[in-house]
1. To the nearest 0.05, how large is the calculated FRET efficiency for Ala317 and Thr24 if R₀ is 35 Å and r is the Cβ-Cβ distance?
2. So what is the 222 nm mean residue ellipticity for the chain from helices alone, if each DSSP H run of at least 4 adds -39500 (n - 2.57) and you divide by all residues, rounding to the nearest 500 deg cm²/dmol?
3. Report the full-extension gain for the segment Leu88 to Thr36: residue separation times 0.36 nm, less the Cα-Cα distance, to one decimal in nm.
4. Let me see the pair-distance distribution of the range 191-330: every alpha carbon pair, 10 Å bin width, integer percents in order.
5. Once R0 is set to 45 Å, what does the formula 1/(1 + (r/R0)^6) return for the Cβ-Cβ distance between Leu216 and Glu147, expressed as a FRET efficiency to the nearest 0.05?
6. For the chain, place one equal point scatterer on every Cα, skip the solvent, and apply the Debye formula. What is log10 of I(q)/I(0) at q = 0.07, 0.10 Å⁻¹?
7. Would you list Phe45, Phe28 from fewest to most Cβ contacts within 10 Å?
8. Which residue fluctuates most in the GNM of the chain (Cα springs below 10 Å): Gly307, Gly200, Gly184?
Amino acid sequence: MTVDDATEVLDTSRPNVSRPGGRTVPPFPVYDAPGTPEPASDASFVHREVTYARAIGFRPLKLDIWLPRRADGPTPLVLWVHGGAFQLGDRRELPPTFAPDSVFRLLNQAGIACATADYRHSLEAPFPAQLHDLKAAVRYLREFAAELNIDPDRFGAWGESAGGHLVALLGLTGNHGDLEGGLGVQGHSSRVSAVVDFYGVSSLVDIPPIATPAGLLPAALTAAVPPGMSLQPEYMLVGGSDDPELLAAASPVSYVGAGAAPFLLVHGDSDGLVPHSQTDLLAAALTEAGVEHQVVTIKGGDHCFFGAEDQMDAILATAVEYFARKLGTS
């Protein structure tokens with residue numbers, strides 16, 4: 001069966017004579033409505049396990065949507081995007097240096113909704129699938145803005161590591177129709193109005209190879225990796241290639257231009273996985289394009305801000321306050 005054949009099968013404008021009584025066949029759902037939220041804390045209601053997009057041949061893509069319990073009107077929303085080298089992680093996991101649920105709770109306490117999204121990993125689909133997924137999540141949230149009591153004109157994006165890379169792309173490609181993808185809800189913008197990027201990669205061409213400590217990746221973890229494929233995250237992201245053109249096409253610095261969202265870039269000065277120079281490259285490109293941005297360097301901070309655990313409350317508060325200023329909370 002081809003895609004065109006499937007479209008004909010799901011054509012509800014005519015009866016399906018293969019069904020008893022000529023009953024029509026409803027189209028398969030592309031996404032689900034948010035459903036009913038559950039209380040999560042004194043600050044939050046949560047819609048859990050919401051399918052924001054389905055695609056043939058892939059798992060359903062899920063969101064959790066954390067809403068402030070106290071809201072006088074439609075609230076701003078921030079999309080949180082997890083890290084994991086494009087290889088691991090999911091929407092519910094925060095780095096081990098973050099208190100559980102802290103990002104979602106702190107945003108809600110500030111009067112800001114938070115959606116946390118899964119996206120396809122690099123062995124499930126190469127770039128730009130990950131960006132297509134997150135753009136579909138943004139469009140979904142705009143489709144259901146009224147039901148969720150969120151303001152579709154006040155959306156931000158916040159991510160760490162691989163998630164920082166992806167939210168940077170969200171903030172830079174709002175006007176790139178060729179990067180929208182065809183998943184999920186259509187007819188809405190995928191633009192965001194503010195970005196917070198924690199130690200994300202900005203140029204896959206310039207990232208130094210990661211020296212993986214012995215024993216960090218057990219054989220049971222790497223068993224599904226095709227024989228001979230490099231475990232370098234940037235190569236896996238683009239289908240196992242080291243082609244500079246493919247790596248550049250998946251790099252935020254390639255899309256910097258006037259009109260991009262404002263950025264807050266937060267990076268440790270001792271990051272051994274993604275060096276601070278990656279933030280410096282993006283900041284320089286934003287400066288050249290005249291895009292508003294701010295760089296915060298965390299003294300002693302390694303990746304995930306290991307070594308700066310005593311600063312975590314202040315680091316997270318800086319990000320939440322940035323969104324409160326840029327998106328407004330009234």
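1. Rounded to the nearest 0.05, the efficiency is 0.05.
2. Only helices count here, giving -7500 deg cm²/dmol.
3. Extending this stretch completely gives an extra 15.8 nm.
4. 11, 33, 34, 18, 4, 0
5. The computed FRET efficiency comes out at 0.55.
6. After summing over all Cα pairs, the log10 values are -0.29, -0.59.
7. Arranged by neighbour count, lowest to highest, Phe45, Phe28 become Phe28, Phe45.
8. Comparing Gly307, Gly200, Gly184 in a Gaussian network model of the chain, the most mobile one is Gly307.
Here, each number is a calculation from the coordinates, and none is a lab measurement. Note that the structure is predicted; figures quoted are calculated from it, not measured. All Cβ positions, glycine included, derive from the backbone under ideal geometry; neighbour counts span all protein chains shown.
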